[in-house]
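In what follows, a single structure is set out as structure tokens and then discussed.
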Amino acid sequence: MMRFVNPLPLVQDMARSVAFYRAALGLELAEDHGDFVRFDGGFALHEEKSYLRQAFQDTPEPGAGQDRVALYFETDDLDAAFARAAPLAGVIHGIRKQAWGGRVFRLRDPDGHIVEVGEA
């Protein structure tokens, strides 16, 4: 079963963005991995340069203004999800272990948006 987790805004200055969401919206940190943070309730931020390096390591980095939001889903069977989705979309990369230890794949939906799928 696939479930939508959250949009994943990419930010240039993590400390500034965390401070904003804590002060302006009262959000509390649930996880802080330096270049990736998740707040209570599931909202998350990813540091832009780090994300683009992970997502596009085998291809040129997109230009300014492109690819700055990813839609993040989780599934219990990542291999089956990749096998189902890969023929239907533009694959950015196959299943790959990330710095935080989880495995993900990334692809593009029909309109070119980044869709990231990780294991639950």
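Every number here is computed from the coordinates shown, using simple stated rules; none is lab data. What you are looking at is a predicted structure, and each value in this text was computed from that prediction instead of being measured. Positions of Cβ are generated from backbone atoms using ideal geometry, with glycine treated the same way; all protein chains shown enter the neighbour counts.
Here are some notes:
- Cβ-defined net charge surrounding Leu71, 9 Å radius [Lys, Arg +1; Asp, Glu -1]: -2
- The distance from the alpha carbon centre of segment 1-60 to that of segment 81-120 is 17 Å, rounded to a whole number.
- Each residue of segment 71-82 was assigned a 3J(HN,Hα) from its phi angle through the Karplus expression (A = 6.51, B = -1.76, C = 1.60, θ = phi - 60°), giving 9, 10, 10, 10, 9, 7, 10, 5, 4, 5, 5, 5 Hz with x at Gly and Pro.
- Virtual paramagnetic centre 7 Å along Cα→Cβ of Asp76, amide N under 16 Å, in segment 96-120: 118-120
- Arg68/Arg3 FRET efficiency (R0 25 Å; Cβ-Cβ; nearest 0.05): 0.60
- Extension gain from Glu119 to His33, taking 0.36 nm per residue of separation minus the Cα-Cα distance: 29.2 nm
- Rg/Rh (Cα only; Kirkwood hydrodynamic radius) as it applies to the chain: 0.96
- Theoretical FRET efficiency, 1/(1+(r/R0)^6), r = Cβ-Cβ of Ala24 and Asp109, R0 22 Å, to 0.05: 0.15
- Here Ala15 and Lys97 are evaluated by their C-beta separation; at R0 = 25 Å the FRET efficiency comes out at 0.40.
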